[in-house]
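Input: a single structure, listed below in structure tokens.
The values are calculated or read from the model by the stated rules, or taken from the named source; none is laboratory data. All figures in this text were calculated on a predicted structure; none of them were measured in a lab. So basically every Cβ, Gly included, is an ideal-geometry build from the backbone, and we count neighbours across all protein chains shown. Please note that ligands, DNA and RNA were not included when accessible areas were found on the heavy atoms of the full protein model with its side chains. Shrake-Rupley method; radii C 1.70, N 1.55, O 1.52, S 1.80 Å.
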Amino acid sequence: MRFRSSEVRKNPQVREIKLFPESAFDAVKDGVTILDEKGTHIYVNPAFCRMTGFTENELIGFGPPYPYWAEENQTLIMSKLSEGFKGKLKDVELTFKAKDEKRFSVTVNTSEISDEDNPSPYYLTTVACSETEPVNLHKNKVLKKFKHSDHGYQSLVENSFLGFFIVDIHSGHIQFLNKSLCNFFGYSLDEGLNLSVWDLISPEEHEPLEKTLKKWPLEYETKPTKSGVYTGVRKDGTIIRIAINATIIEYDGTLLMQGIVNDVTKEEGLEERLRQAQKMEAIGTLAGGISHDFNNILSAIIGYSELANFKLHGDNPAEESINEILKASYRAKDLVAQILAFSRKDENELKPVCVKSIIKEVLKLIKASLPSTIEIKQNLRQDIGVIMGDPTRIHQIMMNLCTNSAHAMSEEGGVLEVSLYGIYFDENVTVPHPDIKPGRHVVISVRDTGHGIPPDIINRIFDPYYTTKEKGVGTGMGLAVVHGIVKNCKGAINVYSEPGKGTTFKIYLPEVEKQQIPELSSGEHNIPLGNEKILFIDDEETLAALGKNILETLGYRVTMISSSREAFKLFNSDPEYFDLVITDMTMPGLTGTKLTKNIRDVRPETPVILCTGYNENINEEKSKKMGINAFIMKPLTMLDLAMTVRDVLDRRN
């Protein structure tokens, strides 16, 4: 057998060393390597190659530091070699690192040998390890040491409500864990000792955690502790959130990670709900701030459009365009009202709704924003009844479901199919949802041919803030809002999906007896007229002029003024002159409620109508307690204003 030094490799003319027969160490089960005086490998046996995973060619001719030295052992090994090393190491326990990065424990023995033809020494090294259970042997040593530790400390750890663990930092294998940690994840103690951290942490977080554990041993002297919050996976597959505080310890030349785990799932949920409550409060504040100005703009659009429509006679070609402006404006009006109601968590009043017309409107609206690769199909039955709901919220349901379907088909295109039909469930029929009661229902079906929803998340899609969309694409609120609206309408929602084949949502809403559904446009229908004297006050001159114009068109005699202080002076100069006062709520100097009080101090029986876009301190109930005769939300419509004015004046008479 030939033992080659690095010099032999470089220069074939260097004499060969012959110490043993060629097959001397081939059958030895322990690893054997021979080093020259510089520590260069001149021989490795097959067992050593199997043990480390390196080939003979990868080791022969190379000196320290060797590739199979674990980083955490290098300081220890070099100190052993420098402390009076005379060719002998006896039963030194080290950790080796195989080529695939796996760590294993070994016992090293070294002796010096010589060649009569060469005065320089050689070193014969044997390396013994358990090839089948190196981790378990080390684990047993850790457990044994822990069980022989201080009894009080052991009792504290084993009975703590916090989870305790000891882990091999390189392999991730668990060396010790207590009952609480097992309970967090749903395993028994025996099961837990056969796990690694990778079995307990969500696969999505493996890569960053692996980088941390790989880098930490090189810097743990300066960064001895680390902490973080991770997503854990229980034995039954459910997700929990865990907070980990860990430190590195050295035991028998091996680096271990020990630490404490706490289940913070509930705490994070509370924090998330608190953050969401703060968001909603901020939305409410923002909505209140902008609604006044926005409603003023809408008031002008709606008011002048209605005036133009009211004054048109016959088949004027402009009438259709004005009606479209009014439809869009009414929808914007309802949307502002919903934002305010949603931010205040008010319950919207349910009223008879024709679902078919809303679906048509949504499909017409969304069609313009979809790419040409998405085809829209609709199958809307003619004989569909009405449901009790809020038109704006039904509109929101359809927009959310159609938008979700469009996102699912954004890359490859597909078909968006919306169906509307009726179905009757009697008491003897198995219904598709436990919340469905016997009786006739309106069914809305939204189907797409997109990528579908994976089975492992389909049960979570209605959870608030859960989303599979990338950041910036959605809020995660859409389906949760849809679910809430459907429940509020006493209905139910089902979803069926196959990955790669698409998704179908079906909404079941109880049908009610058909009633007359009010038109979106007020037009001229049933608008009452009058001739009384009205004082109209709004700090926005445009809106004050609009109010005057509308009321004069209806036959009233109107005095318009944009200053609340000047308005009171005018009223006070002749309190008996005006039959009615209509005032805005939010005005500088003298608010609508203060103006009302001043007017009532002068003439208590004066009827007052209060108008506002939004104010959290006033509502219809409060306004009645203050003696205000009627309360109207902006933006005002011609019909609402005419009906309210006539009602207040007629009640006075």
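Sort 399, 643 by heavy-atom solvent-accessible area, probe 1.4 angstrom, most to least.
Values: 399 50, 643 100 Å².
Ranked list, largest accessible area first: 643, 399.
What FRET efficiency do you get for residue 229 and residue 576 if R0 is 56 Å and r is their Cβ-Cβ distance, rounded to the nearest 0.05?
With a Förster radius of 56 Å, E is 0.20.
Taking a 1.4 Å probe, which of 511, 191, 566 shows the most accessible area, and what order do the others take after it? The partial results should precede the final answer.
Values: 511 50, 191 70, 566 90 Å².
Heavy-atom accessible area, descending, gives 566, 191, 511.
Distance check, please: which entries in 211/501; 311/360; 597/634 exceed 28 angstrom between their Cα atoms?
Numbers: 211/501 37 Å; 311/360 30 Å; 597/634 22 Å.
Beyond 28 Å: 211/501; 311/360.
For residue 316 and residue 215, what does the FRET efficiency come to when R0 = 56 Å and r is the distance between their Cβ atoms, rounded to the nearest 0.05?
Details: r = 77 Å, r/R0 = 1.37.
The calculated FRET efficiency here is 0.15.
Which order, highest average first, do 162-174, 232-244 follow once you tally other Cβ atoms within 10 Å for each residue and take the mean per peptide? Walk me through the numbers before you get to the answer.
On the way: 162-174: 21.1, 232-244: 15.2.
So the peptides 162-174, 232-244, ranked by packing, come out 162-174, 232-244.
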